[in-house]
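I have placed the structure first, in the form of structure tokens, so that the comments after it can refer back to it.
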Amino acid sequence: MKKHLASVSPWILAAACTLLTFIIGAFAVNNYNREKELMTEAMVQKGLSVVRFLDTGVRVSMRAGWMGRRGTPGQSALAWTDHVQEVIDQLQEQRDIHFVEVFDSGGVIVAATDPERVGQKVPTEMMEFVQRGADGEYIFRMHREGSQPGFQLGRLFMPKFRGVPGSSTDRHMNGHMHRGRQSEVVPQGLSNEPAMEFGIVVQLDLEAFDSAVSRQLLQIIILSVVLLLVGVGGWLSLLTLQGYKGTQNRLQRIRAFNDMLVGSLPVGLIATDSAGSVQIVNEAAERISGISAASLVSRKIEQVLPREIYFDFLEHSANRAPLGVRSAEREIQLADGQKRTLLLTALPVADSGGEFSGHVLLMQDISELRKLEGELRRNERLAALGKMAAGVAHELRNPLSSIKGLALLLKGKVDGDAQGKETADILVQEVERLNRSISELLDYARPGQLQLSEVKLSDVLNKAIGLVAVDAEAMAIHLVVDLPDSGDLINVDEDKINQVFLNLLLNAIQAMPDGGELTITMEPETDGVGCEISDSGVGVAAENLPKVFDPYFTTKSDGTGLGLALSAKIVEEHGGSIEMSSREGEGSTVTLFLPRRRS
């Protein structure tokens, strides 16, 4: 629910709140106006009731006065205004009536609830107010000026008194009566019907009106406050939801960044919780361990990784306490069957409160680094050996030349002695063999001077195969050759590379004294050419495999131990690489790679 609300645009919610405010405000104003109209109508009806009461009361008073005095000849009738004043005096008991005033066309008050006002003139604005009404129609207003505000209702009228002596109606009735009763005389002085137009103003108390309007205003104010509070609460809720949404977005961005950062680390990372269950595994850890993340996550680390890796975690599990940062370098056989040298670092993780929450294991494959370090030490050793060998060879060549000269001289002097001549020949041959070994040693120690040219490596390899084909056939060795038709152009020293191929092929043939199969394959690559030479011979023991390219290391009784060492030196001078893999009794494979351009 929160996610749906948080996804709504704030402008939509603001528009909805505005529309709701407008609707409620319209209802409130409408109710206020309706209440005001109802109260106004009630005040009008009350004012009209007063006017009607006054009109009816005056007629009743005048009729009662006439009936009471018609038997008393010569007594004069009361004036019309006296009857009006009598009725008005009765209205003084009504608390909600402020005043009632009747005035003539000149504005002189002829009757009023306040007797002191009789004979005074009404204000001009009141005259104008009453005169705005049509004949016989009432007019009203809210009069809030002066010390006593109220609701005023005014009316212009000309009194007509049905059945009152002296009135036009009464005269009409008397005319009919006099025809039959000539002896009855109408008393004098009863003709007191006013012949002018009068104005009447009734002012009512506004307390009930103001109370009802105030209640309505109070309701509107309360409703407005409630609406304001609801709006503020809704807006705060919206801000909270927007903040929640923003926080969620930031957390998602941070999480995505962290995932990308952890995933792109070149160092393997495995994180566990406090119970030892794997929670995070990056790509480098998958690659190094050879186990997919799906097989690691949510499982105990000791169930999926070798003991050499999780030992520190098991130590923590037993002690139930973090042991601090620990590092170790271990050679481990992983899931893919290969042995790798790993640098392991275990880091305890604590939350903000300092409580232990898990471990982070960093795994770094340093096999190549250790290999390079071994090669560096080997090269340093070979360099020192080469310098020493070069010095010794240089010192031996001169005595060897002298020995060879003396052997040839001795051979000439024993021309008739067959045994002496044979001894001299053996001496010369051994000196020449020793001289060749010294030459090879000097070639190995001397910096290479490459004569580079662009050749097809397959042609060089075919030439070397042709030179050893006879020996292979003589030893019942079957040659399997798979060379590309094109794409193997390469920039190398042809003579030296031919020497490398001859050394490798001869070593392979010598490793199969009882015959076998020699396979030569080549595969062009983007930045160079790869070649494999495999035999099915006796193989190399595992403990001797790292030393096969060292000078003077050989397992042959008549070998010098410089063939493979010199081959490796030539390949390295070309910027390439050479490796050997072998199992004793199953044969060996030499993998060689030469770049297209020497850097």
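Which residues' amide hydrogens lie under 5 Å from the amide hydrogen of R583, considering only partners 5 or more residues apart or on another chain, with H built in the peptide plane?
Long-range HN contacts for R583: V540.
If I take R0 = 35 Å and measure r between the Cβ atoms of S439 and E579 in this structure, what FRET efficiency does the formula 1/(1 + (r/R0)^6) give, to the nearest 0.05?
For R0 = 35 Å, the calculated efficiency reads 0.80.
Determine, for each peptide in 212-222, 341-351, the mean count of other beta carbons within 10 angstrom over its residues, then list the peptides with the highest first.
Descending packing order for the listed peptides: 341-351, 212-222.
Any of K463/K496; K371/K547; K371/K569; K496/K569; K339/K371; K404/K569 with alpha carbons more than 21 Å apart? Name them for me.
Listed pairs above 21 Å: K404/K569.
Provide D471, D493 in ascending order of the number of other Cβ atoms located within 10 Å of each residue's Cβ, fewest first.
Ascending number of Cβ neighbours within 10 Å: D471, D493.
If you rank S105, S274, S147 by fewest surrounding Cβ atoms within 10 Å, what's the result?
So the residues, fewest neighbours to most, are S147, S105, S274.
Would you order C17, C531 from fewest to most other beta-carbon atoms within 10 Å of each residue's own beta-carbon?
C17, C531
Could you check the spin-label model distance between Q303 and A328? Points 7 Å from the Cα along Cα→Cβ, value in nm.
2.2
Taking H as built 1.01 Å from N, whose amide H comes closer than 5 Å to the amide H of L204, not counting residues under 5 places away?
When sequence neighbours closer than 5 places are left aside, the close amide H contacts are H98, F151, Q152, L153.
In terms of modelled amide H atoms, which long-range or inter-chain residues lie less than 5 Å from the amide H of H478?
G516, E517, L518
When Lys and Arg each count +1 and Asp and Glu each count -1, what net charge do the other residues less than 11 Å away from V100, Cβ to Cβ, add up to?
-2
None of the figures in this text is laboratory data; all of them are computed from the coordinates on show. Just so we're clear, the structure is a prediction, and the values are computed from it rather than from any experiment. Here the Cβ is made from the backbone with ideal geometry for all residues, glycine too, and neighbour counts use every protein chain on show.
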